[in-house]
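What follows is calculated from the coordinates using simple rules that are stated; it is not laboratory data. Being a predicted model, the structure only gives us computed values, none of them experimental. Counting neighbours? That spans all protein chains shown, and the Cβs are built from the backbone with ideal geometry, glycine included.
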Amino acid sequence: MRVLVTGAAGFVGTHLVRLLRGEGHEVHAVALPQERLARDLTDVPKHDCDVTDAATLERVFRETAPTWIFHLAAISRAQACLDDPALAWDVNFLGTHDVYRVAAEVVPEVRVLFVSSAVVYGRPAEEDLPLTEEAPLRPGDVYAATKLAGDLLGAEFALSGRLAVIRVRPFNHVGPGQDKGFVAPDFAAQIARIEAGLQEPKLQVGDLTPARDFTDVRDVVRAYLLLMEKGEVGAVYNVCSETARTVQEVLDGMLALSKAGVKIEVSSRRTRRGQPERVFGCAEALHAATGWTPRIPWEQTLRDVLDDWRTRTASVLP
């Protein structure tokens, strides 16, 4: 298939492009002009485009004539959305509208997979767990609201027959290549620096009690591909492991992979207020549609994240 991936230079986009290329698809990457693709993907055609630029989107869609579009481009950090809500709405909602509208006009037979987020479920009540796709929608911040808007707009385009849109709501994902600002890479980066002698053997952590549903990013993008192939137009699918792991479990698993002796220090600066205590999902709809189940063991995921940060840390050593 001829495939277009927006947000192709990001953490998830990079893994998706790798998977698609490995499966033999003709892949075209859409990213901002200042963004660069991973070193092993420099042979993939890159199209400089901001998704809020409808004219450039139209040109790229006409030039590439994709059979599939994976729409990942977004401002994906909650704090960045809080800092600039107007930009968040511009990119995450209006940019998504442009992708849908231009695709419907230029490549009307295309299938589009829109990456929403499980944050649209907000702070779930205990009786709502595990979260299914029918769970109440309670977007509690700007990021969640913008993703839900793009999600529901995709449903409207699909159900009205204007465009074949499939929606996914991924829960937390983790893996090599993820930057700091998330639990696993934050821990891994500090451990790697401690091992290299660049940081005192003190590991700064926030609240270790919340539990989240983590899935390896490589399993996540495999789910995206399977849903593009087999998913029902207009439907929405959770992508999750169906297991809740506490932040403490993430930390313990990471420390078990290192011989560095560290002291744990709880920092209020690393604690996000107003977060739900426990969130995990149900992926039965995804299983039923595609047969997907996670393949990569949890310990392997943590090992790969830690090794990634060991490599990054070694690259800056004198």
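Please report Trp298, Trp309, Trp68 as a ranked list, fewest other C-beta atoms within 10 angstrom at the top and most at the bottom.
Lowest count first: Trp298, Trp68, Trp309.
Which length gain, in nm to one decimal place, applies between Ala80 and Leu257 when the Cα-Cα distance is subtracted from 0.36 nm times their residue separation?
60.5 nm
Where both residues lie in the chain, what percent of DSSP beta bridges are antiparallel, nearest 5?
Beta bridges within the chain, antiparallel portion: roughly 5 percent.
Kindly put Met254, Met1 in sequence by how many other C-beta atoms sit within 10 Å of each C-beta, fewest to most. Provide the component values of the computation, followed by the final result.
Numbers: Met254 22, Met1 14.
Least crowded to most crowded, the residues run Met1, Met254.
State to the nearest 20 debye the size of the charge dipole of the chain about its Cα centre, where the only charges are +1 on K and R beta carbons and -1 on D and E beta carbons.
Numbers: 36 positive and 44 negative charges, 132 e Å.
Once rounded to the nearest 20, the dipole reads 640 debye.
For the chain, which span is the longest to avoid every loop-located (per DSSP) member of GluC sites (Glu not before Pro) having at most 11 other Cβ atoms inside 10 Å?
Result, exposed sites excluded: 135-318.
Test of understanding: what is the full-extension gain from Gln204 to Thr293, defined as 0.36 nm times their sequence separation minus their Cα-Cα distance? Write down the numbers at each step before the final one.
Details: separation 89, 0.36 × 89 = 32.04 nm, distance 3.37 nm.
Full extension from Gln204 to Thr293 adds 28.7 nm.
To the nearest 500 deg cm²/dmol, what mean residue ellipticity at 222 nm is calculated for the chain from DSSP H runs of n ≥ 4 alone, each contributing -39,500 (n - 2.57), summed and divided by the residues?
-12000 deg cm²/dmol
Counting only the backbone N, which residues of the range 20-35 are under 11 Å from the spot 7 Å out from the Cα of Asp43 toward its beta-carbon?
22
Which ³J(HN,Hα) values, rounded to whole Hz and listed in residue order, are derived for the range 57-72 from phi using the Karplus coefficients 6.51, -1.76 and 1.60 in 6.51 cos²θ - 1.76 cosθ + 1.60 with θ = phi - 60°, glycine and proline given as x?
Once θ is set to phi - 60°, the couplings for the range 57-72 become 4, 4, 4, 5, 5, 5, 5, 9, 6, x, 8, 10, 10, 9, 9, 10 Hz.
How high is the FRET efficiency from Ala65 to Glu134, r the C-beta distance, R0 30 Å, rounded to 0.05?
Approximately 0.25, to the nearest 0.05.
Compute the distance in nm between two label points, each set 7 Å from the Cα along the Cα-to-Cβ direction, one at Glu35 and one at Leu317.
3.2
Between Glu127 and Leu87, what is the label-point separation in nm under the 7 Å Cα-to-beta-carbon projection?
It works out to 4.2 nm between the two label points.
Sorted from fewest to most neighbouring beta carbons within 10 Å, what does the list Thr146, Thr301, Thr52 look like?
Listing Thr146, Thr301, Thr52 from fewest to most nearby Cβ atoms yields Thr52, Thr301, Thr146.
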